[in-house]
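Following: one structure in structure tokens, then a few remarks.
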Amino acid sequence: MPWLVWLLAAGVLGVAEFFTLTLVFGLLAGAALVAAVVAGVGVGILGQLVALAAAAAVGLVIVRPVALRHMAQGPLTREGSDALIGKRAEVMQEVTATRGLIKLSGEEWSARSLDESHVIPVGALVDVMEIEGATAVVYPRELLP
């Protein structure tokens with residue numbers, strides 16, 4: 001019944017991964033599953049340990065760096081209001097620290113200035129720095145007088 005011990009070890013390591021999210025315990029859990037399969041086939045303890053070590057090495061040396069690199073990348077496409085960040089807009093009504101109106105991607109949006117001291121005049125071009133609810137937080141593209 002050594003395969004049951006490996007299966008329990010895989011379960012414990014899987015729970016540890018759930019709480020730590022390091023990708024280490026999860027890969028070790030996978031290696032323990034490989035050892036459980038090897039034990040289930042009837043290979044001795046030495047073969048089980050070799051299978052565990054090989055699977056753990058492959059996981060930690062090859063799979064983990066690839067997974068970490070993939071997780072570090074931001075989303076390739078932004079959706080919804082996040083897609084508007086960084087876009088250029090035109091001021092339709094004077095924009096202050098508390099109110100204003102801009103034309104953004106063909107739609108009118110309420111807006112406020114990122115810098116509370118800026119008053120952005122009608123017709124000025126602005127960049128959308130962030131979206132807060134239904135309000136665009138903007139910054140002028142050119143120096144204001």
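Which of the residues spanning the range 65-98 are in contact with a Ser or Thr (Cβ under 9 Å, 6 or more places away or on another chain) and either surrounded by 15 or more Cβ atoms within 10 Å (Cβ to Cβ) or among the polar types (S, T, N, Q) (or both)?
Residues satisfying the conditions are 84, 89, 95, 96, 98.
Could you list, in sequence order, the residues of the range 14-43 that are open to solvent by 40 Å² or more (accessible area, probe 1.4 Å) and either farther than 22 Å from residue 72 by Cβ or of a type in the set (Gly, Ala, Ser) (or both)?
Selection gives 15, 33, 34, 37, 40, 41, 42, 43.
Looking only at the range 115-145, which residues are assigned to a loop (DSSP other than H, G, I, E, B) and either basic (Lys, Arg) or within 21 Å of residue 80 (Cα to Cα) (or both)?
Answer for the range 115-145, where residues must be assigned to a loop (DSSP other than H, G, I, E, B) and either basic (Lys, Arg) or within 21 Å of residue 80 (Cα to Cα) (or both): 133, 134, 141.
Can you tell me which residue is nearest to residue 2 (Cα to Cα) among those in the range 24-54 that are without any contact (Cβ under 8 Å) to a residue 40 or more places away in the chain, in a helix (DSSP H, G or I) and more than 35 Å from the chain's Cα centre (by Cα)?
Selected residue: 39.
What pairs can you find where one residue is in the range 119-145 and closer than 15 Å to residue 97 by Cβ, the other is of a type in the set (Asp, Glu), and their Cβ atoms are less than 7 Å apart, with a gap of 6+ or different chains?
119/94; 120/94; 121/94; 137/130; 138/127; 139/115; 139/127
Please identify the pairs in which a residue from the range 74-97 that is of a type outside the set (Gly, Ala, Ser) has its Cβ atom under 8 Å from the Cβ atom of a residue that is open to solvent by 60 Å² or more (accessible area, probe 1.4 Å) and part of a helix (DSSP H, G or I), counting only partners at least 6 apart or on another chain.
So the pair list comes out empty.
Give the number of residues within the range 1-13 that are surrounded by fewer than 18 Cβ atoms within 10 Å (Cβ to Cβ) and in contact (Cβ under 8 Å) with a residue 40 or more places away in the chain.
Qualifying residue count, the range 1-13: 1.
The values are calculated or read from the model by the stated rules, or taken from the named source; none is laboratory data. Fair warning: this is a prediction, and the values are worked out from it, not measured in the lab. Cβ sites come from the backbone with ideal geometry, for glycine too, and all protein chains shown count toward neighbours. Heads up: the accessible areas ignore ligands, DNA and RNA and are worked out on the full protein's heavy atoms, side chains in. Shrake-Rupley method; radii C 1.70, N 1.55, O 1.52, S 1.80 Å.
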